[in-house]
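See structure below.
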Amino acid sequence: MMMTYDTQYRSAAALLWVAAIMLAAARSVRAAAKRLDGWLEKRRVAAAAFHDFGTMSERDLRDIGLSRTDLHRVAWGATDGKRELNHGS
């Protein structure tokens with residue numbers, strides 16, 4: 001009798017297994033989408049800051065303690081030259 005039970009519900013077990021895999025994949029995709037969304041927002045803010053810094057004169061930049069070589073680093077959020085930013089991930 002056990003064999004009949006096993007064959008009768010094998011497709012339901014397979015569907016449950018597929019559903020569990022799909023749920024795990026959906027959670028993974030959602031987490032990746034959140035990371036991407038955060039990175040895109042950070043990139044948008046950095047681009048706006050880079051544009052704003054780009055419109056400033058050398059004197060204006062010196063007044064706030066920056067040079068043209070600092071702009072990319074500071075636009076991505078660094079506060080000093082000792083910290084490296086990982087904006088690629």
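Think of region 2-75 as a dipole: +1 on every Lys or Arg Cβ, -1 on every Asp or Glu Cβ, centred on the Cα centre; then among VAL29, ALA47, ILE64, VAL29 lies furthest on the positive end.
Backbone geometry of region 59-65 corresponds, through the Karplus equation with coefficients 6.51, -1.76 and 1.60 at θ = phi - 60°, to 3J(HN,Hα) couplings of 5, 4, 5, 4, 4, 9, x Hz, x marking Gly and Pro. On full extension, the segment bounded by ALA13 and ASP70 gains 14.6 nm, given 0.36 nm per residue less the C-alpha separation.
Laboratory data are not the source of any read-out in this text; all were calculated from the coordinates shown. Keep in mind it's a predicted model, so treat the numbers as computed, not measured. When we count neighbours, we look across all protein chains shown, and the Cβ atoms used for this are built from the backbone with ideal geometry, even at glycine.
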